[in-house]
Amino acid sequence: MQRLETPLFVTDADGAVLEANPAATRRIERREGLWLDAGGRLALRQAGRWVPLSRWHAQVAVGGELVLPLEVEGGAPMQITLRAMPAGEDAHAACCLLATIERVQLTRTDAMRRRFRFTRTQARLAEMLCAGMRPTHAAEQLGVKISTVRTHVGQMYEKTGTHSQAQLVALLHAV
């Protein structure tokens, strides 16, 4: 556990850290999505606030595993995976949680939305254009008028600094 570069820690049912590898300790010290309260209980950054890890204990104990987004300022999207670990021989004993943190692999659509601030519809349209679909066919697939597609494409030009569909598609293929 100590040699792993993946942040890894074990907590009790209350979220108190029982063991952590150096990568997890560094993340906690830097408050990179994780924080220890005064009682040594772990909290996760969720929707701009710190939420105690114990909040998800019952759900993990029943389901065995839970994956949650982890808010990290200015960094790549991360997720934390919580797994139930039996605490002992007694099947009814409170279980511990094993938590690992890993980078979320973005799809190309997610990457376009994040980089260029495309809406979901614009990202879908961008994927269609990158696949070689003509705007008229994309309009049919999206169930909208061609004028709506043209409006979206114009907004995408503004967001990407391009001036033609060819420039837009070439840029998007690089994402």
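The values are calculated or read from the model by the stated rules, or taken from the named source; none is laboratory data. Since the model is a prediction, treat every value here as computed from it, not as a measurement. Cβ placement follows ideal geometry from the backbone for every residue including glycine, while neighbour counts extend to all protein chains displayed.
Side notes on the structure shown:
- The stretch 35-50, residues that are under 19 Å from the mean Cα position of the chain (by Cα) and loosely packed, with under 14 Cβ neighbours inside 10 Å: ALA47, GLY48, ARG49
- Just one of the listed residues (GLU32, GLU19) is outside the structural domain of ARG114 (by TED's automatic domain parsing) and within 17 Å of the chain's Cα centre (by Cα), and it is GLU32.
- Selected residue [surrounded by 13 or more Cβ atoms within 10 Å (Cβ to Cβ) and not assigned by TED's automatic domain parsing to the domain that holds GLY33] from MET156, MET78: MET156
- Verdict on LEU129 being surrounded by 16 or more Cβ atoms within 10 Å (Cβ to Cβ) and closer than 30 Å to LEU18 by Cβ: no
- Scanning the stretch 2-22 for residues that are without any contact (Cβ under 8 Å) to a residue 24 or more places away in the chain and surrounded by 14 or more Cβ atoms within 10 Å (Cβ to Cβ) yields ALA20, ASN21, PRO22.
- Verdict on GLU140 being of a type in the set (D, E, K, R) and farther than 30 Å from ARG27 by Cβ: yes
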